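The values are calculated or read from the model by the stated rules, or taken from the named source; none is laboratory data. These figures come from a predicted structure and were not determined experimentally. All Cβ positions, glycine included, derive from the backbone under ideal geometry; neighbour counts span all protein chains shown.
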Amino acid sequence: MLRYERLAMQGCGVPILDDVDLEMPARGVAVLLGPSGCGKTTLLRATIRTDEDDPDLACTGRVLLDGQDVRAADYPATRLRQRVGLVMQRPVPFPGTAFENVLFAMKCTTKLTPGEMEARAVEALEHVGLEPQHWTTEAGSLSGGQLKRLAIARSCALHPEVLLMDEPSNGLDPLAVARLEKLIRHLGEDRLVVVVTHDVGMTRRIADRVYFLWPFAGGSRLVEEGTPAEVLDAPRATETRLFVEAAELGAAALQHLGVDLTDRDAEECHPRTLELRPAGAGSPTDSCCDEDTCHDDEVPGPDRRERRTVRGEDPRVEVVHEPRARARRDAARCDRGRRGPQV
């Protein structure tokens, strides 16, 4: 069983995750669902402790695997990565053949004999459905779908108790995705598979449990959890309802729920945040100028983040896109106004 207790993450002092508490079963497929930039991948990094390599990240809270705090200072990182495997969004093959790629991880982390390692490599490659004719192919020449299966085999060869998968369907065609989803369901029969995605359709097809995250201004938090039927078909939170309906209705979901959405894009040391408010309630002023006035105290600074405001599709539709470049142009226009016309 995998449990997160008051897990919080900051980057450059800015909250990314805000006291995440959740518990996942020992087996099955658990999906971390939510908008891009809501900290799903950060949660995986905290699980396997790769955040410790980044001096700008600070993590508090506990990650418990079968009751053991795997983030404790005295818990060996090598032991953790034998128990928990990670398949990255863009797998990086090692030099050599596909078969040699699977052997490499075992040579570095186990004391198995060469015969035992080869037997495990064969078992893992067969398990993920990578055809034998590709085992001796240079790993770097494999297709996207084949490379994903190789990365899964590389992790499965270590017999992990938990397998983390970051956006596994990214960049794959529908047929490759269908094959991957079948494999994920199969892998979840004897271990916990944690899948990060923002794909609602994929979540419906593969998940046993769904955990929905949302990027609030003070850091991303768990909004709700449950079975796919509970979270996707009968969501309790407005954020979840909007996300699920947007997958089917697009911008019309905003009108249907009667809300406006302000999107502050992520940039250096600032995570993405999404703010919901009742439709027509107005939004904070994005620019220091209009056609007739200039407010000196509202001139955007160099760290101004991009903001989009989108309203439902009706005659009052308004879309505002305020990147920093436009803010700088507005500031320059203010300055010209103060100096007066140039002769």
**Message:** Which residue is surrounded by the fewest Cβ atoms within 10 Å (Cβ to Cβ), if the candidates are limited to the stretch 199-214 and must be within 23 Å of R272 (Cα to Cα) and out of contact with any Pro (no Cβ under 6 Å at 6 or more places or on another chain)?
**Reply:** D199
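Residue-by-condition table, conditions (1) small (G, A, S); (2) touching a residue at least 12 places away in the same chain (Cβ under 8 Å):
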| position | (1), (2) |
| --- | --- |
| Q10 | no, yes |
| I16 | no, yes |
| D19 | no, yes |
| M24 | no, yes |
| G34 | yes, yes |
| T41 | no, yes |
| C59 | no, yes |
| L65 | no, yes |
| D69 | no, no |
**Hits in the stretch 179-200 - residues which are of a type in the set (A, V, I, L, M, F, W, C) and not in a strand (DSSP E or B)** = L180, L183, I184, L187, V200
**Request:** Go through the stretch 204-221 and give me each residue that's part of a loop (DSSP other than H, G, I, E, B), over 14 Å from C38 (Cβ atoms) and within 18 Å of the chain's Cα centre (by Cα).
**Result:** A207
**Request:** Would you mind stating whether G140 is surrounded by fewer than 15 Cβ atoms within 10 Å (Cβ to Cβ), over 26 Å from K40 (Cβ atoms) and touching a Leu at 6+ places or on another chain (Cβ under 9 Å)?
**Result:** yes
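In the stretch 214-227, is there at least one residue being at pLDDT below 85, at positive phi and of a type outside the set (S, T, N, Q)? I'd like the intermediate steps shown before the answer.
Within the stretch 214-227, the first condition is being at pLDDT below 85, and the residues that meet it are none.
So far as the stretch 214-227 goes, no, none of its residues is at pLDDT below 85, at positive phi and of a type outside the set (S, T, N, Q).
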**Request:** Quickly run through the stretch 115-146 and pick out the residues that are part of a helix (DSSP H, G or I), under 15 Å from L183 (Cα atoms) and touching a helix residue (DSSP H, G or I) at 6+ places or on another chain (Cβ under 7 Å).
**Result:** A124, L125, H127, G145, Q146
**Item:** Test: residue in the stretch 56-65 that is of a type outside the set (A, V, I, L, M) and under 18 Å from E224 (Cα atoms)
**Value:** no
**Prompt:** Of the numbered conditions (1) crowded, with 19+ Cβ neighbours inside 10 Å; (2) in contact with a Gly (Cβ under 7 Å, 6 or more places away or on another chain), G171 satisfies every one except a single condition; which is it?
**Reply:** (1)
**Request:** Return the only residue of G219, G250 being out of contact with any helix residue (DSSP H, G or I) (no Cβ under 9 Å at 6 or more places or on another chain) and surrounded by 16 or more Cβ atoms within 10 Å (Cβ to Cβ).
**Result:** G219
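So that you can scan it fast, the table gives a plain yes or no per residue for (1) more than 26 Å from R90 (Cα to Cα); (2) out of contact with any helix residue (DSSP H, G or I) (no Cβ under 7 Å at 6 or more places or on another chain); (3) not in a strand (DSSP E or B):
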| site | (1), (2), (3) |
| --- | --- |
| M202 | no, no, yes |
| V223 | yes, no, no |
| A229 | yes, yes, yes |
| P235 | yes, no, yes |
| T262 | yes, yes, no |
**Fill in**
Expected single match for surrounded by fewer than 19 Cβ atoms within 10 Å (Cβ to Cβ) and of a type in the set (K, R) among K182, K148 is K182
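Residues in the stretch 149-178 that are among the hydroxyl-bearing types (S, T, Y) and not in a loop (DSSP other than H, G, I, E, B): how many?
The total comes to 1.
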**Members of the stretch 236-247 found to be under 24 Å from P15 (Cβ atoms) and crowded, with 16+ Cβ neighbours inside 10 Å, listed by number** = E239, T240, L242, F243
**Message:** Out of the helices (runs of 4 or more DSSP H) lying entirely within the stretch 1-114, which hold 3 or more residues that are surrounded by 17 or more Cβ atoms within 10 Å (Cβ to Cβ) and within 16 Å of the chain's Cα centre (by Cα)?
**Reply:** 40-48
**Message:** For the list (1) at positive phi; (2) at pLDDT below 90, I need the number of the one condition that D53 fails.
**Reply:** (1)
